[in-house]
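J.: There's a structure below that I have some questions on.
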Amino acid sequence: MNKQILQNLSKNFGDAFYLLDSKQFAQNYAELKKAFSEIYPHFNIAYSYKTNYTPKFCKLVNELGGYAEVVSDMEAEIALKVGVKPQNIIWNGPYKNLKELERLIVLGVIVNIDSLYESDFIRQIAEKYPKNTINLGIRCNFDIGDGVVSRFGFDVESDDFKNALALFDSYPNLNFIGLQCHFATRKLETWKPRAEKMLALIDALKITPKRIDLGGGLFGKMADSLKAQFDGYIPTYREYAKEVATVFAERYKDEIFKPELVIEPGSALVGDCMKFVSKVVNIKNIRGKNIATLLGSIYNINPTLNKKNPPIEIVSMGEKQKEYENLDFGGFTCIESDYLYKHFNGKLAVGDFAVFGNAGSYSVVLKPPFILPNFPVLEITDKGVEVIKRGECFDDIFHTFTF
Ligand SMILES: Cc1ncc(COP(=O)(O)O)c(C=O)c1O
């Protein structure tokens, strides 16, 4: 980032905006794919749309041969709209709009059943459309020693799970795609148990699914300053692949049919593919504490409020800077705790831009319309500036209200 670029962008798009990096995204995708495929070639990636459903990212995944992992009919619609074939869409999640379920399942979207209430409806669809192939999987829930009792999917020890599996014996048009699981922890040591437990389950059931989907929950690339704020080790793509793909390669080495191994990364692909740029509008001192106010908010970069300081770069726009110690960057909202970055030491002036890295995951998709509409998303390309999402305006927020 340099002064010239930011000056041009702010002149045309305002004093706060996101910068998207689709080249980095494509590179992350290729690296992650290679890391797993080199060990177990029957592998694919289903990108977790909820993490950042910017259509440019979704389109890229499709062009690169990946699948769409969606958790609502809204997200399935994005996938269809960017040209993803229905059979390359995987619909997970604890709630499924039953009307939309019928429409999408008939199109060929793969639905992972999360609870028994869905299977009742699947039965009705199977009877109503006897000539259609209905692609289904089942989300599995088991203990991997992460201390979490997840509320998603079927307890694999339960009768509900057995009943869900029995569905496939009752209707010839139900096509069993496979089993899926997802665990939120990103710790490397939780990945081998996921793989081993899924394979043990499959062997115990004496089934060979077409696909075994281990979900998401991988760390992505980040600056050392961010890594240092996590309490554990941040693994590389290769380290995850070694833990997981090796288990699959070993298990299926003598088998003619090898199931497809799928993972559903979100943050691991997109975390480092967006920056957030915002102008310093004021610097003040309150009872000895240095505080800068930005045209930006913690809700722009980290609406999950995880209290970590993102990577930061200050770009001087020419005003005379002063050296500050222990300065906190506050946001435009009236929430007292709205700080984007704490304990900054360095040079700063009003008019400078703060550029925050790792703003790609759970940012634009989670930003509430609180106090201000959201800022534009831009990408600097060889051909110039591409507007990925225009800045929101008053009407975008209020046209659904009755005045
Ligand atoms: C079912 C499922 N798959 C994938 C993901 C993506 O997770 P992550 O961004 O940690 O890779 C999530 C996130 O909650 C999820 O619920």
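J.: Which numbered condition in (1) at pLDDT below 95; (2) closer than 26 Å to residue 67 by Cα is the only one that residue 147 fails?
T.: The single condition residue 147 does not satisfy is (2).
J.: While we're here: Within the stretch 86-143, can you find the residues that are crowded, with 19+ Cβ neighbours inside 10 Å, outside any strand (DSSP E or B) and touching a Gly at 6+ places or on another chain (Cβ under 7 Å)?
T.: The answer is 114, and nothing else.
J.: If you take the residues of the stretch 237-288 that are of a type in the set (S, T, N, Q) and either assigned to a helix (DSSP H, G or I) or without any contact (Cβ under 8 Å) to a residue 40 or more places away in the chain (or both), which of them is surrounded by the most Cβ atoms within 10 Å (Cβ to Cβ)?
T.: We begin by selecting, within the stretch 237-288, every residue of a type in the set (S, T, N, Q); these are 246, 267, 278, 282, 285.
So of that shortlist, the ones also either assigned to a helix (DSSP H, G or I) or without any contact (Cβ under 8 Å) to a residue 40 or more places away in the chain (or both) come out as 246, 267, 285.
On the way: 246: 14, 267: 21, 285: 10.
Selected residue: 267.
J.: Which residue pairs have Cβ atoms under 7 Å apart, sit 6 or more places apart or on different chains, and have a first residue in the stretch 102-122 that is at positive phi and a second that is at pLDDT 95 or above and part of a helix (DSSP H, G or I)?
T.: Short answer, once both residue conditions are applied: 108/86; 108/87.
J.: Quickly run through the stretch 168-182 and pick out the residues that are touching a strand residue (DSSP E or B) at 6+ places or on another chain (Cβ under 6 Å) and either more than 16 Å from residue 198 (Cα to Cα) or not assigned by TED's automatic domain parsing to the domain that holds residue 112 (or both).
T.: Scanning the stretch 168-182 gives 168, 173, 174, 175.
J.: Now for a separate question. Within 13 Å of the ligand (Cβ to nearest atom), outside the structural domain of residue 365 (by TED's automatic domain parsing) and more than 19 Å from residue 151 (Cβ to Cβ): does that describe residue 102?
T.: no
J.: Further, regarding this structure: For the stretch 362-382, give me each residue that is buried (at least 21 other Cβ atoms within 10 Å of the Cβ) and within 16 Å of the ligand (Cβ to nearest atom).
T.: Residues satisfying the conditions are 363, 364.
J.: A follow-up question, please. Test of understanding: among 221, 192, 187, 206, which residue is farther than 20 Å from residue 92 by Cα, in contact (Cβ under 8 Å) with a residue 12 or more places away in the chain, out of contact with any Phe, Trp or Tyr (no Cβ under 9 Å at 6 or more places or on another chain) and in the same structural domain as residue 111 (by TED's automatic domain parsing)?
T.: Just a single option satisfies the conditions, and that option is 192.
J.: Do you know which residues across the stretch 113-155 are β-branched (Val, Ile, Thr) and within 16 Å of the ligand (Cβ to nearest atom)?
T.: Within the stretch 113-155, 113, 138, 144, 148, 149 qualify.
J.: Go through the stretch 25-52 and count every residue that is under 15 Å from residue 63 (Cα atoms) and of a type outside the set (Ser, Thr, Tyr).
T.: Final tally of qualifying residues: 9.
J.: May I pose another question? Please pick out the residue among 357, 391, 346 that is without any contact (Cβ under 8 Å) to a residue 60 or more places away in the chain and of a type outside the set (A, V, I, L, M).
T.: Going through 357, 391, 346 in turn, just one is without any contact (Cβ under 8 Å) to a residue 60 or more places away in the chain and of a type outside the set (A, V, I, L, M): 346.
J.: Filtering the stretch 289-307 down to residues that are within 19 Å of residue 222 (Cβ to Cβ) and surrounded by fewer than 17 Cβ atoms within 10 Å (Cβ to Cβ), which residue is nearest to the chain's Cα centre (by Cα)? Reasoning before the result, please.
T.: Applying the first criterion (within 19 Å of residue 222 (Cβ to Cβ)) to the stretch 289-307 yields 298, 300-307.
Checking which are surrounded by fewer than 17 Cβ atoms within 10 Å (Cβ to Cβ) leaves us with 304-307.
Working: 304: 13, 305: 16, 306: 16, 307: 19 Å.
Filtering the stretch 289-307 for residues that are within 19 Å of residue 222 (Cβ to Cβ) and surrounded by fewer than 17 Cβ atoms within 10 Å (Cβ to Cβ), the one nearest to the chain's Cα centre (by Cα) comes out as 304.
J.: Could you look through the stretch 69-85, keep only residues that are in a loop (DSSP other than H, G, I, E, B) and among the hydrophobic types (A, V, I, L, M, F, W, C), and pick out the one that is nearest to the ligand (Cβ to nearest atom)?
T.: Going through the stretch 69-85, the residues in a loop (DSSP other than H, G, I, E, B) turn out to be 71-72, 82-85.
Filter once more, keeping what is among the hydrophobic types (A, V, I, L, M, F, W, C): 71, 82, 84.
Details: 71: 6, 82: 18, 84: 16 Å.
In this case the residue turns out to be 71.
J.: Considering only residues that are touching a Ser or Thr at 6+ places or on another chain (Cβ under 9 Å) and of a type in the set (Gly, Ala, Ser), look in the stretch 182-200 and name the one that is nearest to the ligand (Cβ to nearest atom).
T.: Out of the qualifying residues, it is 184.
The values are calculated or read from the model by the stated rules, or taken from the named source; none is laboratory data. In this text, all values refer to a predicted model and were calculated from it rather than measured experimentally. So basically every Cβ, Gly included, is an ideal-geometry build from the backbone, and we count neighbours across all protein chains shown.
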